[in-house]
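The values are calculated or read from the model by the stated rules, or taken from the named source; none is laboratory data. As the structure is a computational prediction, the values presented were derived from the model and not from experiment. Here the Cβ positions follow ideal geometry from the backbone for every residue, glycine too, while neighbour counts run over all protein chains shown. Ligands, DNA and RNA are excluded from the accessible area calculation, which covers all protein heavy atoms including side chains. Shrake-Rupley method; radii C 1.70, N 1.55, O 1.52, S 1.80 Å.
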Amino acid sequence: MTIFEKIIKGEIPCKKVLENDEFLAFYDINPKAPIHILAIPKVCVKDFDTADSMMLGRLSGFIQEVAKKVNIDKSGYRIISNIGSDGGQEVPHLHFHILGGGKLKWENLV
Ligand code: AMP
């Protein structure tokens, strides 16, 4: 079981930002920007590449809600999903990094 599945089950605590039936957003434990949030589906999906495109559409709407909730929707933000080995993915459960709260440099990539 991945660490994110344990967070979904409540076995590991997280600093929750937003949740609905399908998705959960919480602060990254090792932030790479002033605001660094992870948005994940509650179902087990390995990565963006194997995810259902309809679900990704709903996740996009959820990410927009998260950005609004933490007030970075107007100032701007960056979303990243690492995929597989070359993509630098450490946790094999689909997640989007939502980064903002300051001017991001391209070198700030997670
Ligand atoms: P990735 O390299 O794209 O798989 O990103 C995994 C992210 O999960 C990293 O940015 C970690 O800091 C973050 N992370 C790992 N464990 C936790 C945790 N328990 N709570 C919050 N974020 C976590």
Inset, instruction - Might you check whether a residue that is within 13 Å of the chain's Cα centre (by Cα), more than 9 Å from the ligand (Cβ to nearest atom) and open to solvent by less than 80 Å² (accessible area, probe 1.4 Å) occurs anywhere in the stretch 11-18? - result: yes
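How many of the residues making up the stretch 34-51 are in contact (Cβ under 8 Å) with a residue 60 or more places away in the chain and either part of a helix (DSSP H, G or I) or within 11 Å of the ligand (Cβ to nearest atom) (or both)? Step through it out loud before you land on a result.
So in the stretch 34-51, the residues in contact (Cβ under 8 Å) with a residue 60 or more places away in the chain come out as 34-38.
Narrowing further to those that are either part of a helix (DSSP H, G or I) or within 11 Å of the ligand (Cβ to nearest atom) (or both): 36-38.
Residues that pass the stated criteria total 3.
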Legend entry - Residue in the stretch 78-109 that is nearest to the ligand (Cβ to nearest atom), counting only those that are farther than 23 Å from R58 by Cβ and assigned to a loop (DSSP other than H, G, I, E, B): E90
Inset, instruction - Could you tell me whether the stretch 52-61 includes any residue that is of a type in the set (K, R) and assigned to a loop (DSSP other than H, G, I, E, B)? - result: no
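Could you list all residues from the stretch 86-110 that are of a type in the set (G, A, S) and either at pLDDT below 95 or surrounded by fewer than 19 Cβ atoms within 10 Å (Cβ to Cβ) (or both)?
Step one: list which residues in the stretch 86-110 are of a type in the set (G, A, S), which gives 87-88, 100-102.
If the condition is that a residue be of a type in the set (G, A, S) and either at pLDDT below 95 or surrounded by fewer than 19 Cβ atoms within 10 Å (Cβ to Cβ) (or both), then G87, G88, G101, G102 are the ones that fit.
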Legend entry - Top-ranked residue of the stretch 19-33 - restricted to ones that are in a loop (DSSP other than H, G, I, E, B), within 13 Å of the ligand (Cβ to nearest atom) and free of Cβ contacts under 8 Å to residues at least 40 places away in the same chain, ranked as surrounded by the fewest Cβ atoms within 10 Å (Cβ to Cβ): N30
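Of the residues S75, S60, which single one is without any contact (Cβ under 8 Å) to a residue 24 or more places away in the chain, more than 14 Å from the ligand (Cβ to nearest atom) and of a type in the set (S, T, N, Q)?
On the way: S75 fails: without any contact (Cβ under 8 Å) to a residue 24 or more places away in the chain.
When all the criteria are applied, what remains is S60.
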